[in-house]
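First the structure, in the form of structure tokens, and then the observations on it.
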Amino acid sequence: MTESPRIAICPGSYDPVTNGHLDIIGRVSRTFENVVVGVVNKPMRKNATLFTAEERVAFIEDAIAADGLENVEVRIFSNLLVEFAREVGATAVVKGLRAISDFEYEFEMAQLNHKLDPEIESFYVFARSNYSFLSSTGVKEMAIFNADISDLVPAPVAAALADRLGRR
Ligand code: PNS
């Protein structure tokens, strides 16, 4: 009997994707047979995103192609995460955890998603120490002041941030 492939979802806003996100996606792609990066297309919080969902997808697709991650695809979703997981046949949601400050929010999300669908398991991967300070919000703030973010995000993301936020 052939078993169906183990599919994981790496969901998030990715506004924009950072090298920390890409490190997690790469590590998950070496553990699961297929990975679907789910880009949320609804403002989860009150603030609207800087980049459109299509732009956020394009940044991630470019980066995973450059890294040669052939078992990773990127999709936009705007329904419940567990519904999206069922649609793509995923049994796992995998996210990165940087510090204790992430824990409370992620613990709540994991409990909420378990309540919505107990068949979908949440897994957390610890961020590498060199990315433990890195966030999309942080790079946006750095970009406003033209700080060097070249080792924190892929080059096309750095260029787009400089274009949209940088001081002229
Ligand atoms: O890290 P993020 O960007 O805040 O994560 C977004 C997401 C969807 C993974 C998180 O908010 C979550 O797990 N939400 C569960 C509830 C849900 O499905 N909301 C609808 C999303 S469109």
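The values are calculated or read from the model by the stated rules, or taken from the named source; none is laboratory data. In this text the structure is predicted, and so the values were computed from the model without any measurement. We place every Cβ from the backbone using ideal geometry, glycine too, and count neighbours over all the protein chains shown. Ligands, DNA and RNA are stripped out before the accessible areas are found, and what is left, the full protein with its side chains, is counted by its heavy atoms. Shrake-Rupley method; radii C 1.70, N 1.55, O 1.52, S 1.80 Å.
Kindly indicate whether any position in region 60-82 is part of a helix (DSSP H, G or I), in contact with a Lys or Arg (Cβ under 9 Å, 6 or more places away or on another chain) and at pLDDT 95 or above.
no
Results for (1) touching a helix residue (DSSP H, G or I) at 6+ places or on another chain (Cβ under 9 Å); (2) open to solvent by 70 Å² or more (accessible area, probe 1.4 Å); (3) not aliphatic (A, V, I, L, M), shown as yes or no for each residue.
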site	(1), (2), (3)
Asp15	yes, no, yes
Asn34	yes, no, yes
Val39	yes, no, no
Phe51	yes, no, yes
Glu54	no, yes, yes
Gly68	no, no, yes
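If you check Ala8, Ala90, which single one turns out to be part of a loop (DSSP other than H, G, I, E, B), at pLDDT 95 or above and within 16 Å of the ligand (Cβ to nearest atom)?
Ala90
Identify, please: which residue in region 108-126 is aromatic (Phe, Trp, Tyr) and more than 12 Å from the ligand (Cβ to nearest atom) and is, among those, surrounded by the fewest Cβ atoms within 10 Å (Cβ to Cβ)?
Start the filter on region 108-126 by keeping residues that are aromatic (Phe, Trp, Tyr), which leaves 123-124, 126.
Among the residues that remain, those that are also more than 12 Å from the ligand (Cβ to nearest atom) are: 123, 126.
Numbers: Phe123: 14, Phe126: 12.
Selected residue: Phe126.
Just checking, how many residues over region 133-168 are touching a residue at least 24 places away in the same chain (Cβ under 8 Å) and open to solvent by less than 50 Å² (accessible area, probe 1.4 Å)?
Number satisfying all stated conditions: 12.
Among the residues in region 100-115, are any part of a loop (DSSP other than H, G, I, E, B) and either touching a residue at least 12 places away in the same chain (Cβ under 8 Å) or out of contact with any Asp or Glu (no Cβ under 6 Å at 6 or more places or on another chain) (or both)?
No; the residues of region 100-115 include none that is part of a loop (DSSP other than H, G, I, E, B) and either touching a residue at least 12 places away in the same chain (Cβ under 8 Å) or out of contact with any Asp or Glu (no Cβ under 6 Å at 6 or more places or on another chain) (or both).
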